[in-house]
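This report refers to the structure that appears directly beneath it.
The values are calculated or read from the model by the stated rules, or taken from the named source; none is laboratory data. No experiment lies behind these values; they were computed from the predicted model shown. When the accessible area is computed, the model is the full protein with side chains, heavy atoms only, and any ligands, DNA or RNA have been set aside. Shrake-Rupley method; radii C 1.70, N 1.55, O 1.52, S 1.80 Å.
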Amino acid sequence: MAKNSTTGLISMQKRRPLMIMFCIALSTAIAFFIGASYSSCNARDYAESNNFSSKIHSESSVVVDDGQNPLGFMKSKLVLLVSHELSLSGGPLLLMELAFLLRAVGTRVVWITNQKPTEPDEVIYSLERRMMDRGVEVLPAKGQKTVDMALESDLVILNTAVAGKWLDAVLKENVAHVLPKILWWIHEMRGHYFKLEYIKHLPFVAGAMIDSHATAEYWKNRTHERLGIKMPATYVVHLGNSKDLMEIVDDSVARRVLREHVRESLGLRKDDLLFAIINSEIAFAVLKFGHEICVSRGKGQDLFLKSFYEALQLIQQRKLEVPPIHAIIVGSDMSAQTKFETELRNFVADKKIQERMNFVKKTLDVAPYLASVDVLVQNSQICKSTNLQYMCGVASGVGQRWAEEKSWWRRDGGVTVARGECFGRITIEAMAFQLPILGTAAGGTMEIIVNGSTGWLHPVGKEGVTPLANNIIELATNAGMRKAMGSKGYSRVKEMFLEHHMSRRIALVLHEVLQKAKGKVQ
């Protein structure tokens, strides 16, 4: 069976010696950490109109940093945050980061978790304690106090589509009074979220905030085609890297220490090349809706393993001189005993590549692994459909035209529709660490990677196995290319995906939504 390794969380300190000492001391266990900043770049306004085929209006992505906190106008505002759950998954953690960003400017922030287990939960307890330590108030999902808070608030942010169930269940006859001041933050790109019980109120809220243009386009088309409803004014706000992460990125000593420590724990030598696929979990789901059957091995770890094995075979067949290559899959959880992870481990055993592969437990602290690997693979996959007549999940512009030329997706029915990752924050985090990216040509990934410059794109599905294998070989044999792509990726992060970019863009969204809410409520 493949080897296991775990790395815990970094206590990010401003003083280099303390930071490095904590990185090493805590790298043997998983703890709970939420970044203190919510960050990123780009925003596009999908203007509200009276028809479903309205054009998408773009704003400039150039952000001028004048040194002022762009969220300063939120001081003394009351913001209610509603999360469908409180867990270590991406949606709740992003909402927590936004909570901390707002608290930093003096906003009164109240948190509600709609669904909690009946039994005490250590993760929920730890995350709630962290929020309260930062001044975030935590209220139960139900009760008159919660209703009063919703009515009193200046802004309500619903997080994920599933949070929509909270509206009728709790607010009841007060729903209509709250809808005009709701900003709905959507992260999902899966078909099972398109149910009226979740999103029937979506057309009537002040706005929707979505992580990528691909996802926004998907939601715009899907809500119309499937449910006959239209989206509200929609804003695309890309995610980004926090100051804490960039502090480690820009500290060469910290990066070197982390790299040496993790690679030693994995049994790697100095010159070994390490390819990584990093996700919060190794997931498998089967979803059935009408004529559509979605089989989503979400992050594509199975196809990555096939590509990695094929690359090893091709290197041997071609007698290529390359450093020993290894791979890690971060996101393992054998305690859950999922069929999918068992299949992955069996594949590794059957192909006898245990010495080349490591499965690493899921962790929120990706910095040690990003410091230790040489290439990141972002292999998020697709949903097959026989009845979709529209494009979903492919970015517009150059990336879209390039994918069309490759015939990696089409608009017509009866074919595989590329959907991929909603955004993929790990991608920009890896680029900050100057890693080249091998990503699928779908979803938000195409809005991050510049193909041939900061990495390479490959098709989704089985069609992408061999192209990914060839890209692995190409980077393994060309150190200069790895360095050049990594350098360009870092420059792209500095240009587009930093905290001040996101702060200003989200400020524009909040300001507009508040103005809209103020006019309707009055």
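Backbone amide hydrogens, once placed in the peptide plane, bring Gly443 within less than 5 Å of Val394, Ala395, excluding anything fewer than 5 places away on its chain. The H on the amide N of Ser332, modeled in the peptide plane, is under 5 Å from the matching H of Val360, Lys361, Lys362, each at least 5 residues off or on a different chain. For the stretch 421-522, the gyration tensor built on C-alpha atoms gives an oblate shape. Its axis ratio a/c (a ≥ b ≥ c) is at least 1.5, and a/b is not larger than b/c. Rounded to the nearest 10 square angstrom, Lys75 shows an accessible area of 130 square angstrom against a 1.4 Å probe. Once you have a ≥ b ≥ c as the square roots of the Cα gyration tensor eigenvalues for the stretch 89-146, tell me rounded if a/c is under 1.5, and otherwise prolate or oblate according to whether a/b is larger than b/c. Here the stretch 89-146 falls in the oblate category. For the residues Ser503, Ser126, Ser491, a 1.4 Å probe over the protein chains yields an accessible-area ranking, largest first, of Ser491, Ser126, Ser503. For the residue pairs Lys75/Lys516; Lys75/Lys220; Lys77/Lys172; Lys75/Lys200; Lys270/Lys351; Lys339/Lys462, the alpha carbons lie more than 22 Å apart in Lys75/Lys220; Lys77/Lys172; Lys75/Lys200; Lys270/Lys351. The largest accessible area among Tyr218, Tyr125 belongs to the first residue in Tyr125, Tyr218, and the rest follow in falling order (1.4 Å probe, all chains). Glu355 contributes an accessible area of around 130 Å² to the protein surface, as traced by a 1.4 Å probe with all chains present.
Among the protein heavy atoms of the stretch 149-246, carbon and sulfur supply 50% of the accessible surface, probe 1.4 Å, non-protein parts ignored.
Shape class for the stretch 95-247, computed from the alpha carbon gyration tensor (a ≥ b ≥ c): oblate, with a/c not under 1.5 and a/b at or below b/c. Amide hydrogen proximity for Leu268: with H placed 1.01 Å from N in the peptide plane, no residue at 5 or more positions away or on another chain lies under 5 Å. The solvent-accessible area of Glu260, taken with every protein chain present and a 1.4 Å probe, is close to 110 Å². Residues in the stretch 155-166 carry Karplus couplings, in order, of 8, 10, 10, 8, 10, 6, 4, 5, 5, x, 5, 5 Hz; the curve used is 6.51 cos²θ - 1.76 cosθ + 1.60 with θ = phi - 60°, and Gly or Pro positions show x. Karplus-based coupling profile of the stretch 426-439, in residue order and whole Hz: 4, 5, 6, 5, 5, 4, 4, 7, 6, 9, x, 10, 10, x, with θ = phi - 60° in 6.51 cos²θ - 1.76 cosθ + 1.60 and x standing for Gly or Pro. When the residues Phe204, Phe100 are ordered by accessible surface, computed with a 1.4 Å probe over the protein chains alone, the sequence from largest down reads Phe204, Phe100.
Based on protein heavy atoms only, the stretch 475-522 ends up with 48 Å² per residue of surface accessible to a 1.4 Å probe.
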